[in-house]
Structure formats: structure tokens, C-alpha cells
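Asker: Below you will find the structure I want to go over with you.
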Amino acid sequence: METAWDGCEKENSVLDNNLEIKWKENREVQLNHKNGVTYLTWPALTETGIVLHGFSTRLGGVSQGVCSTMNLSFSRGDDEEAVHENYHRIADAIGFPVGSIVCSDQTHTVNVRRVGKEDCGKGVLCPKDYTDVDGLITNEQGVTLATFYADCVPLYLVDPVHRAIGLSHSGWRGTVGNIGGVTVKRMAQEYGSRPEDIITVIGPSICQDCYEVSEDVAEEFRKAYDKKLWPVLLQEKQDGKYQLNLWEACRQNFLQAGVREENIHMPGICTCCNPEFLFSHRASRGKRGNLAAFLAL
């Protein structure tokens, strides 16, 4: 049995601009500030030397109310002009043009779409002409992949050998359906990527301590994962509920897909533990904006 990463068990915190941020142990994530915008990056991806990437926080935008301030969703009741301004701010901070963004169309599927320059702007500057897409892959420069979050798991994939990238949204349905493994397979089919070359990051999302699920969800994970993993993935409670470890489930999906253990980098930070810093659907009871993950060659 693979050793489970147990970063959920202990926390520490840092004070950043008078905001206390709770970090998990073994954090591999870096805080960045530019022109008032705060975003996260991973040294493991930066060190490949071939990508720009980032994960937004709530800080640095112009949205108001429950979407304050860096909301990146047009479907949360926010002012459209504010969302456009937020895109310009986060794009400027990370270093890519707004017009290069290609957005997912997330419906908790395991569908992964190959995109290119002809798709740039879709979801931000023009409508999308596709639906039911939770993962994006490309090997073209000038294309910025974007997926969206408020507790679900971002999956970043970078193949530095074949210069290809993937970015996928993995909620519990996507996780149990193995969208991580599907994305690895699609990169292999489209670009010749080898799983052992791919560098992956499991991004900020809800931790096991915060994620309570019912018996029906637990049963889906028991069907999908080896019995020896059940005690790690599902902590049973006295009320018939379970605490679900999406982080470890996604890690196991990457391992099963052939990604090397040393190439899987963990979140280090929970959205639900940090509702003032990151949007969390569970912590806000649905009254929130959306975070975004960005990845470009």
C-alpha cells in the first residue's frame, strides 16, 4: 500500500497582510503578490521552465458582497464588468493576455478537450461552443487553460519532455471517475506524453477534516478504490457520515495512471479552512464567487 499523505492532520498559520492563512504540513505552495493581486504558485511547476501558472485567491479584485473581491465567474450573480476587470487583473499579475484564456464548461464529467489558439477567448471574451468539459489539454503556446473552483480539486499536469499541459477539475464525481487518469491518458494519446515524465499538482481544495459526505458517496468510493485504501480515504463517523479525503484519492489516481510519486505535489492549503482567503462553497453555504486555476506554455 502506498503511504498516504497525512497533511490534513496538523496545521500552522501565517499572517499575510493582516489575514491569517491556515496551511497544512508539507506545503509546497508559494504566495505571490503583484499590483494588489494575491495568487498561488508551485515551485515544482515553475522549475520546469516551460509554463506560466497560478491559482487565484479572493484578494485583489473589484467584486462586491459575497463575491468579493476576485470572483472569476460570470454565473454567480456578479456584475459582469467587475468580473472582466478581475480577469484583467489576475492575467496581468500572472503574466498572460486575457485573450489567450480558454475556459472549461464544468458539469462534473470526466470529459477532457484538446484546445488550441482557435479556442482563445472562449468563456471570457466570447461564448464557448462546447459543453460538459471538465478538463483541458494543449501543446500550443499562447493558450492559457482555465478551470474553476470553490472546494473541488484542481489538477495541474505538465509534460516538460513533449511540452504539453493539462488542467482538470475534479470534484467527488470527477475523482471517483478518475479524471486525473483520463487527463494523463489523453495527453499520451494526443502528444505522446509518458506518465513518468508528467509533473502534477493537486491544488487548493477542501481537506478531509472539512469534507463530510453521506453513505451513498462513500459507497461510490468503495466501488472505485481498493479495499486497503478505504481506511485512508473514508473516516467513518458515528452518525453514518464519512470524512472523505479527495486529496489522497486524486494522488492514488495519478499513481495508478503511472505518474511517479515524487512528481505528485500536494495542496498544502484547504479552501474551507480559509474562507476569507479562498472561496469555499461549503463554508459559505453556497454564497460565494469562484476561484480559477490557470496554466499556459
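Asker: Kirkwood hydrodynamic radius of the stretch 32-105 from all distinct Cα pairs, in Å?
Answerer: 12.9
Asker: Now for a different question. Once the piece of chain linking Gln141 and His162 is laid out straight, how much longer is it, given 0.36 nm per residue of separation minus the C-alpha distance between them?
Answerer: Between Gln141 and His162, full extension yields 6.3 nm more.
Asker: Just to check I understand the Karplus step: with θ = phi - 60° and J = 6.51 cos²θ - 1.76 cosθ + 1.60, what whole-Hz values come out for the stretch 52-62, glycine and proline as x?
Answerer: 9, 7, x, 9, 6, 10, 7, 9, x, x, 10
Asker: Further, regarding this structure: Hey, can you find the accessible area per residue of the chain for me, probe 1.4 Å, expressed in square angstrom?
Answerer: Accessible area per residue, the chain: 41 Å².
Asker: So for the pair Asp129, Asp216, with labels modelled 7 Å out along Cα→Cβ, what separation do we get in nm?
Answerer: The modelled label-to-label distance comes out at 3.8 nm.
Asker: With every protein chain present, what accessible area does Val110 have (1.4 Å probe, heavy atoms only), rounded to the nearest 10 Å²?
Answerer: Spelled out: Val110, probe radius 1.4 Å, area about 50 Å².
Asker: List the trypsin sites (Lys or Arg not before Pro) in the stretch 237-288 that DSSP assigns to loop (not H, G, I, E or B) and whose Cβ has at most 11 other Cβ atoms within 10 Å. Which are they?
Answerer: Taking the stretch 237-288 and a limit of 11 other Cβ atoms within 10 Å, the loop trypsin sites (Lys or Arg not before Pro) found are Lys237, Arg285.
Asker: So which of Lys24/Lys241; Lys22/Lys241; Lys185/Lys227 end up more than 32 Å apart by C-alpha?
Answerer: The answer is none of them.
Asker: What's the center-to-center distance, using Cα atoms, between the stretch 18-81 and the stretch 215-276 in Å?
Answerer: Cα centres, the stretch 18-81 to the stretch 215-276: 24 Å.
Asker: I would also like to ask the following. With a 1.4 Å probe and all protein chains left in place, how much of the accessible area of the chain comes from carbon and sulfur atoms, in whole percent?
Answerer: The value for the chain is 44 percent carbon and sulfur by accessible area.
Asker: Per residue of the stretch 69-74, what does 6.51 cos²θ - 1.76 cosθ + 1.60 with θ = phi - 60° give for ³J(HN,Hα)? Whole Hz please, x for Gly and Pro, Karplus curve as stated.
Answerer: Whole-Hz 3J(HN,Hα) from phi for the stretch 69-74: 10, 9, 7, 10, 10, 8.
Asker: Using a 1.4 angstrom probe and counting only protein chains, how large is the accessible area of His88 in Å², to 10?
Answerer: Accessible surface of His88 is approximately 100 Å².
Asker: While we're looking at this one, here's another question. Which residue fluctuates most in the GNM of the chain (Cα springs below 10 Å): Gly65, Gly116, Gly258?
Answerer: Gly65
Asker: Anyone know which of Lys227, Lys185, Lys22 comes out most mobile in the 10 Å Cα GNM of the chain?
Answerer: So, out of Lys227, Lys185, Lys22, the one fluctuating most is Lys227.
Asker: Can you tell me the alpha carbon radius of gyration of the chain divided by the globular rule-of-thumb value 2.2 N^0.38 Å?
Answerer: Ratio of Rg to 2.2 N^0.38 Å for the chain: 0.93.
Asker: Quick one: net charge of Phe279's neighbours, Cβ under 13 Å, K/R +1, D/E -1?
Answerer: +3
Asker: Next question. On a 1.4 Å probe surface of the protein chains, which of Arg222, Arg163 comes out largest in accessible area, and what is the full order?
Answerer: Largest to smallest exposure gives the sequence Arg163, Arg222.
Asker: Something else: No solvent, one uniform scatterer per C-alpha: report log10 I(q)/I(0) for the stretch 194-292 via the Debye equation at q = 0.11, 0.12, 0.22, 0.24 1/Å, two decimals.
Answerer: Debye output, listed in q order: -0.38, -0.46, -1.16, -1.22.
Asker: What are the ³J(HN,Hα) couplings of the stretch 214-231, residue after residue, when phi is run through the Karplus curve with 6.51, -1.76, 1.60 and θ = phi - 60°? Round to Hz, x for glycine and proline.
Answerer: 8, 4, 5, 5, 4, 5, 4, 6, 5, 6, 8, 10, 4, 4, 5, 8, 4, x
Asker: Same structure again: Could you put Ser100, Ser75, Ser68 in order of accessible surface area, largest first, with the 1.4 Å probe and the full protein assembly present?
Answerer: Largest accessible area first, the residues go Ser75, Ser68, Ser100.
The values are calculated or read from the model by the stated rules, or taken from the named source; none is laboratory data. Computed from a predicted model, the values in this text were never measured in an experiment. Counting neighbours? That spans all protein chains shown, and the Cβs are built from the backbone with ideal geometry, glycine included. Quick note on the areas: whole protein, heavy atoms, side chains included, nothing else; ligands and nucleic acids left out. Shrake-Rupley method; radii C 1.70, N 1.55, O 1.52, S 1.80 Å.
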